[in-house]
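Engineer: One structure coming up, written as structure tokens, with questions to follow.
The values are calculated or read from the model by the stated rules, or taken from the named source; none is laboratory data. On a predicted model such as this, the values are computed, not experimentally measured, just so you know. Every residue, glycine as well, gets a Cβ built from its backbone with ideal geometry; the counts of neighbours run over all protein chains shown. Heads up: the accessible areas ignore ligands, DNA and RNA and are worked out on the full protein's heavy atoms, side chains in. Shrake-Rupley method; radii C 1.70, N 1.55, O 1.52, S 1.80 Å.
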Amino acid sequence: DEIIFSEALFPDDYDPAFGRGRLFMGKNDKLMGLFSFTEDKLLAFMRNSIFVCTPTTNLREMKKTLVTQEVGLVARKSIVQVGNRILFLSDNGVYSVTFEDLYNLRGNDIPLSEPIQDTINGINKNYWHNAVAVYFDNRYYLAVPSANSTVNDTLLIFNFLNNEWESRDVVDGFVLGTAGQVDWNIRNLLI
């Protein structure tokens, strides 16, 4: 996997930057998502690891630093920033970390979703890459596919005010007039 950077004022002009955009050649780990964070940091979420690239404004000096090889990202659209926290869906569940925590993140740390681990274990892992999330009204909304579903049919809601998972919403399909069965398929969440 490789990231290419355009020139600051010329979006169609790319500079090879001496291979600085190459990500971790020789590893069996693919790029799942990028997330711009404070102080000119770019988080590169790989499938089985996380890296931070800094600075991104001076490509000749850009360095890639391994954060962890024990936690990765499974769904690009599950990354959400809430203040100084970053939330994302991994193999082990939903993690909520501050940037300082990222350097201490390990796969055996307790994920934010630990109280609902049975629900996390019930996500259809063949389709969880389609999960989507958004932050709104002091809540993290995460839409995921249930065990037998190929679409996001379950909405998990974490409330930051009481610091707990407050809801798991599922609609199995319902009859709408005489038109027949309607399934709940959350393709995106918008504010």
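Engineer: If you go through the range 118-132 one residue at a time, do you hit one that is modelled with pLDDT of 85 or more, basic (K, R) and open to solvent by 70 Å² or more (accessible area, probe 1.4 Å)?
Structural biologist: Taking every residue of the range 118-132 in turn, at least one turns out to be modelled with pLDDT of 85 or more, basic (K, R) and open to solvent by 70 Å² or more (accessible area, probe 1.4 Å).
Engineer: Specify the residue that is modelled with the highest pLDDT; the eligible residues are those in the range 97-117 that are within 17 Å of R47 (Cα to Cα) and crowded, with 18+ Cβ neighbours inside 10 Å.
Structural biologist: Here the residue is P111.
Engineer: Starting from the range 55-68, take each residue that is at negative phi and list its partners that are exposed (fewer than 12 other Cβ atoms within 10 Å of the Cβ), counting only C-beta distances under 7 angstrom and pairs at least six apart or across chains.
Structural biologist: Pairs that qualify, where the first residue is at negative phi and the partner is exposed (fewer than 12 other Cβ atoms within 10 Å of the Cβ), are P55/E61; R60/F18; T68/R106.
Engineer: Residue check: is A179 of a type in the set (G, A, S), open to solvent by 30 Å² or more (accessible area, probe 1.4 Å) and at pLDDT 85 or above?
Structural biologist: No, not satisfied.
Engineer: I've got another one for you. With respect to L87, is the statement that it is open to solvent by less than 10 Å² (accessible area, probe 1.4 Å), farther than 21 Å from I120 by Cα and of a type outside the set (G, A, S) true?
Structural biologist: When the stated conditions are applied, L87 does not pass them.
Engineer: Now, a different point. In the range 141-150, is there at least one residue being in a helix (DSSP H, G or I) and of a type in the set (F, W, Y)?
Structural biologist: No, because not a single residue in the range 141-150 is in a helix (DSSP H, G or I) and of a type in the set (F, W, Y).
Engineer: Now for a different question. Return the residues of the range 151-176 that are in a strand (DSSP E or B) and either modelled with pLDDT under 85 or open to solvent by 50 Å² or more (accessible area, probe 1.4 Å) (or both); say none if nothing qualifies.
Structural biologist: Across the range 151-176, the qualifying residues are E164, E166, R168, D169, V170, F174, V175.
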